[in-house]
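The values are calculated or read from the model by the stated rules, or taken from the named source; none is laboratory data. Here the structure is a predicted model, which is why all the values come from computation and not from measurement. Glycine also receives a Cβ, built like all others from the backbone with ideal geometry; neighbour counts cover every protein chain displayed.
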């Protein structure tokens, strides 16, 4: 429905007004109707279209005049921009009962254009004169502009992210912003008397910042005109032309912030020099701030990060040798972070999570820094944040941090369809207690942030039964080139006991585990199978994993054929469990190449039976298994390969705005 503003008509003097191209002007005739008038007619110059709004019972009179019924409204529209002031005329003549003309009211209108435009169709171009610009809709046929949080650091030497400063330091910084164009056209004298104001609602002002591109003598400059504590901006002498603005996001969607922000351009009539003016037209556009998106194991790996620990008995040099060999096979970049940079903290998976943000014109990676805050506390901010590499974190106010705040307790599934509902970017998995139980839980600030992104519908699974309590201790996803395109791997005590029983029946009960590892207790298959305390521990663990199995089948739309059980035993320390030997599910997934913790299982015929079983399960899927020794450098410290590595992956080809949350 077009915008409408009212003009008071007068029969004692001519009325002058301004209207905006395509809008409706309501002619208020109450004050101009003379006493005794019973009918009227309307005439206008050629560019003006007159609309008489009436009830079905009201008809024009024989002479094309209209009765002065209370339900009649007169509207006019103009679809041609004025070349000069007052070049459009409207005449209303009033008639008495005898048909005599009693009086005439004249209106002189000047038509101008005021249009605020953005990349409405999400194709990287700012389109003018779009419809329903004040609405943002999801889906492949949706519309509405996208805004990036300007959370990278394009300016060398800057202290924080680019959005921390209310200025533009480099042309590269503009590439992270979204264009907004204000178009004005009409006689210049109009804009000398009427104000054009750009404004933002108070509730949105601290989420965005707007820069006006101004032409300087030698180079353009960018003036911050809207944002925190700046709700409006009056354009000086707008005249006819285009005004370019750059918009940056300052905040991701979060609790209490849907991600939607709006901007408006208003044409104001200043009736008094000290008054703010009254709007006769407002054009509004809406942006949605791009969400932070996680990437699953099925996305192509681009870079693997690992910490180097050189000193002490728990040096990880042996682990690094195995990792280098894997990355040569996977043809993937390896970044080794020095011990000085990481302050001897090796658990890089727990400290941060790589994701990305995307708009039609720009995509860049963003690292999410956990509130874990150990040795790697400053690593993401100091070493990863940079040009076209963003940073975000969430710190829970006044709350003790638990192990479940580490991002080994965060995963994301590949794309799935569940009961007809599509999740084209997968679903985030968060390790938690049972829904009805108390216990350690990921910080509300982090969970609120993840839920607010909307595009990866988080699912809380049960991980609190583990000593460390992370989801990556009992599940992972690997690519597969059939069916859904992936498999869910679950740690399985039952599968391990079945394997050991098979080996025992075949006469290999004396085969022992942990061969070649000094200072470890070597136990045979026979000894493991008769250990009733161990079996009791693993019955409990299997029940915990089975609870998750049913939840994941239901919430990810999986069948049993989509799940592979990986042999693994656990041992309870008090009421919580640790992996008895290196946890093979805690693996590094690099396309077809898997870096799996070397389990040092019982050797049969010179081969580890656990390794052989895992190869038999995964290699038919086209995957390659590389077993990496992490026993002393990670496993005995309560973590494994996945815990000690982190991967930046290629963003999805799917555009997040095409989905329907």
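Restricting attention to the range 366-407, and to residues there that are free of Cβ contacts under 8 Å to residues at least 40 places away in the same chain and assigned to a strand (DSSP E or B), which single residue is surrounded by the most Cβ atoms within 10 Å (Cβ to Cβ)? Looking at the filtered set, the residue picked out is 367.
For the range 472-500, the tally of residues that are assigned to a helix (DSSP H, G or I) and either at positive phi or surrounded by 22 or more Cβ atoms within 10 Å (Cβ to Cβ) (or both) stands at 5. Checking every residue in the range 282-289 against the condition of being in contact with a strand residue (DSSP E or B) (Cβ under 8 Å, 6 or more places away or on another chain), surrounded by fewer than 22 Cβ atoms within 10 Å (Cβ to Cβ) and part of a loop (DSSP other than H, G, I, E, B) gives zero matches. Of all residues in the range 611-656, exactly one satisfies the criterion of being free of Cβ contacts under 8 Å to residues at least 12 places away in the same chain and under 34 Å from the mean Cα position of the chain (by Cα), namely 653. Within the range 537-562, if we keep just the residues that are within 26 Å of residue 629 (Cα to Cα) and touching a residue at least 60 places away in the same chain (Cβ under 8 Å), the residue that is nearest to the chain's Cα centre (by Cα) turns out to be 545. Of all the listed residues (205, 251), the sole one being in the same structural domain as residue 126 (by TED's automatic domain parsing) and touching a residue at least 40 places away in the same chain (Cβ under 8 Å) is 251.
Quick one: would you say residue 55 is under 54 Å from the mean Cα position of the chain (by Cα), farther than 30 Å from residue 186 by Cα and assigned to a loop (DSSP other than H, G, I, E, B)? Yes; evaluated as a whole, the condition is true for this residue. Take the range 608-631 and flag every residue that is more than 30 Å from residue 293 (Cβ to Cβ) and either touching a helix residue (DSSP H, G or I) at 6+ places or on another chain (Cβ under 8 Å) or at pLDDT below 95 (or both). Within the range 608-631, 609, 610, 613, 627, 629 meet the criteria. So, residue 541, is that one in the same structural domain as residue 609 (by TED's automatic domain parsing), crowded, with 19+ Cβ neighbours inside 10 Å and in contact with a strand residue (DSSP E or B) (Cβ under 7 Å, 6 or more places away or on another chain) or not? It is true that residue 541 is in the same structural domain as residue 609 (by TED's automatic domain parsing), crowded, with 19+ Cβ neighbours inside 10 Å and in contact with a strand residue (DSSP E or B) (Cβ under 7 Å, 6 or more places away or on another chain). Of all residues in the range 102-128, those satisfying the criterion of being touching a residue at least 60 places away in the same chain (Cβ under 8 Å) and either on the phi > 0 side of the Ramachandran plot or in a loop (DSSP other than H, G, I, E, B) (or both) are 118, 119, 120, 122, 123, 124.
Residue 568 meets the conditions (1) within 23 Å of residue 350 (Cα to Cα); (2) within 33 Å of the chain's Cα centre (by Cα) in every case but one. The failed one is (2).
Condition check: assigned by TED's automatic domain parsing to the domain that holds residue 575 and over 21 Å from the mean Cα position of the chain (by Cα). Does residue 439 satisfy that? Here the answer is yes, as residue 439 does meet what is asked. When residue 635 is tested against (1) surrounded by fewer than 21 Cβ atoms within 10 Å (Cβ to Cβ); (2) more than 15 Å from residue 479 (Cα to Cα); (3) out of contact with any helix residue (DSSP H, G or I) (no Cβ under 9 Å at 6 or more places or on another chain), just one condition goes unmet, and that condition is (1).
Here's the yes/no breakdown for (1) modelled with pLDDT under 95; (2) outside any strand (DSSP E or B):
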residue: 302; (1), (2): no, no
residue: 305; (1), (2): no, no
residue: 310; (1), (2): yes, yes
residue: 324; (1), (2): no, yes
residue: 336; (1), (2): no, no
residue: 340; (1), (2): yes, yes
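From the list 181, 200, the lone residue that is surrounded by 15 or more Cβ atoms within 10 Å (Cβ to Cβ), modelled with pLDDT of 95 or more, more than 30 Å from residue 89 (Cα to Cα) and over 23 Å from the mean Cα position of the chain (by Cα) is 181. Among the candidates 584, 659, the residue that is within 36 Å of the chain's Cα centre (by Cα) and under 22 Å from residue 301 (Cα atoms) is uniquely 584. The requirement of being touching a residue at least 24 places away in the same chain (Cβ under 8 Å), in a loop (DSSP other than H, G, I, E, B), in contact with a strand residue (DSSP E or B) (Cβ under 9 Å, 6 or more places away or on another chain) and surrounded by 13 or more Cβ atoms within 10 Å (Cβ to Cβ) is satisfied by residue 86.
Going by the conditions given, is residue 459 touching a strand residue (DSSP E or B) at 6+ places or on another chain (Cβ under 7 Å) and over 27 Å from residue 653 (Cα atoms)? It is false that residue 459 is touching a strand residue (DSSP E or B) at 6+ places or on another chain (Cβ under 7 Å) and over 27 Å from residue 653 (Cα atoms). Criterion first (within 23 Å of the chain's Cα centre (by Cα), in contact (Cβ under 8 Å) with a residue 12 or more places away in the chain and outside any loop (DSSP other than H, G, I, E, B)) does residue 246 satisfy it? When the stated conditions are applied, residue 246 passes them.
Within the option set 561, 503, 554, being touching a strand residue (DSSP E or B) at 6+ places or on another chain (Cβ under 7 Å) and assigned to a helix (DSSP H, G or I) holds for one residue only, 503. Condition check for residue 143 on (1) more than 20 Å from the chain's Cα centre (by Cα); (2) assigned to a loop (DSSP other than H, G, I, E, B); (3) more than 17 Å from residue 246 (Cα to Cα): one failure, at (1).
Filtering 362, 421 for residues that are in the same structural domain as residue 439 (by TED's automatic domain parsing), at pLDDT 95 or above and surrounded by fewer than 16 Cβ atoms within 10 Å (Cβ to Cβ) leaves a single hit, 421.
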